[in-house]
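The values are calculated or read from the model by the stated rules, or taken from the named source; none is laboratory data. All of these numbers come straight from a predicted model, not from anything done at the bench. No Cβ is skipped: glycine too gets one built from the backbone with ideal geometry, and neighbour counts run over all protein chains shown. Quick note on the areas: whole protein, heavy atoms, side chains included, nothing else; ligands and nucleic acids left out. Shrake-Rupley method; radii C 1.70, N 1.55, O 1.52, S 1.80 Å.
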Amino acid sequence: MASLIDIKQRITSTKKTSQITKAMQMVSASKLGRAEEKARAFAPYVEKIRDVVTHVASGNSADHPMLVTRAVHRTGYIVITSHKGLAGAYNSSVIKEVYKQIQEKHTSSEEYAIIALGRAGADFFKARQMNVVLEVPSISDHPIFAEIKDVARNTVQMFEDGVFDEVFIFYNHHVNSISQTLRTEKLLPLTEFHETEVEHDLTAYEFEPSEGEILEVLLPQYVESLIFGAVLDAKAAEHAARMTAMRSATDNATDIIDDLSLQYNRARQAAITQEITEIIGGVAALE
């Protein structure tokens, strides 16, 4: 059995750890509220730009490169992870799915490229010599578009230039404070705007200059907004995952402290009993 000093030291260190995890849980809960608010505030913008793009795309006879499905020779994968750990399975679920897709669909690194938003994903794929062409190692707790602007625009430009023939995005979708789901979406080409899928109750718009010229500007902005919206959603899921992980760590620390306290009390009782026995034995010997 461990000595009383050893058990006491473990109890003290576990209590300190519990205090740290409790503080991190509270910080993550605060960040989560702000992240949820930011994600909700961005949603109406995405809906409105989608409404306008749908209207323009349905009435424009010219085939824009971002709307055309072509033979797939190279696929782009946008992977959104965190830049630090202590978030449970938040990063591993996304990374495992992307890795699985690449292993199943591609036989060469020339057939795919990875755009990593977050250090966890970038480090994982680079450590395995996989083709990471763009990355943003660190994204703030409350992202702004400027942080991912260059990567988003480069991704769109590479698709238009034919570097990619399709682009997928992988991230954790925030459901609530205790739940998130892995989401995989086809980002490019934008097949959702085919005329057969257009609703008939769209708002009427008049465009100046031509619809084709407006489409040239709106389509890239729409895709960039989808990427940024996914980043906001993933960041909320990250804060929720970290809050849940820290709550579990705090609960586990409490359980460990209870067990150690029980061991300490038993060891202390055994030591006292031993001392009493030795005293009684000494008295008996004197008699």
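Structure data summary
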| quantity | calculated |
| --- | --- |
| Residues of type aspartates and glutamates that Lys8 reaches as a straight line, Cα spacing below 13 Å, ignoring anything fewer than 8 places off in the same chain | Asp258, Asp259 |
| Shape box of the chain [Cα atoms, principal axes, largest first, Å] | 114, 43, 30 |
| Charge sum, other residues only, whose C-beta stays under 11 Å from Pro44's C-beta, Lys/Arg counted +1 and Asp/Glu -1 | +1 |
| Segment 1-98: equivalent-ellipsoid semi-axes (sqrt of 5 x gyration tensor eigenvalues, Cα, Å) | 51, 21, 6 |
| Helix-only [θ]222 nm of the chain, DSSP H runs n ≥ 4, -39500 (n - 2.57) each, per residue, nearest 500 | -21500 deg cm²/dmol |
| Segment 121-179: trypsin sites (Lys or Arg not before Pro) falling in loop per DSSP and having at most 16 other Cβ within 10 Å | Arg128 |
| For Leu187, residues with placed amide H under 5 Å, excluding near neighbours | Val167, Phe168, Ile169 |
| Rg over Rh [alpha-carbon atoms, Kirkwood Rh] for segment 108-171 | 0.97 |
| Value of D in µm² per second that Stokes-Einstein yields for segment 27-166, Kirkwood Rh from Cα pairs, at 37 °C (0.692 mPa s) | 191 |
| Highest-MSF residue in the chain out of Leu187, Leu117, Leu67 [GNM, Cα springs under 10 Å] | Leu67 |
| All aspartates and glutamates inside 19 Å of Lys105 as judged from Cα atoms, apart from same-chain residues fewer than 8 positions distant | Glu97, Asp165, Glu166, Glu185 |
| Magnitude of the charge dipole, the chain, Cβ model with Lys/Arg +1 and Asp/Glu -1, debye to 20 | 1700 |
| In Hz, Karplus ³J(HN,Hα) per residue of segment 88-97 (6.51, -1.76, 1.60; θ = phi - 60°; x = Gly, Pro) | x, 8, 4, 6, 5, 5, 5, 4, 4, 5 |
| Among the listed pairs Lys15/Lys235; Lys31/Lys84; Lys22/Lys235, those beyond 23 Å (Cα-Cα) | Lys15/Lys235 |
| Long-range HN-HN contacts of Glu135 with modeled amide H, under 5 Å | Ala116 |
| For Met246, solvent-accessible area (1.4 Å; no DNA, RNA or ligand), Å² | 10 |
| Spatially proximal lysines relative to Lys149 (Cα-Cα < 16 Å; intrachain offsets below 8 disregarded) | none |
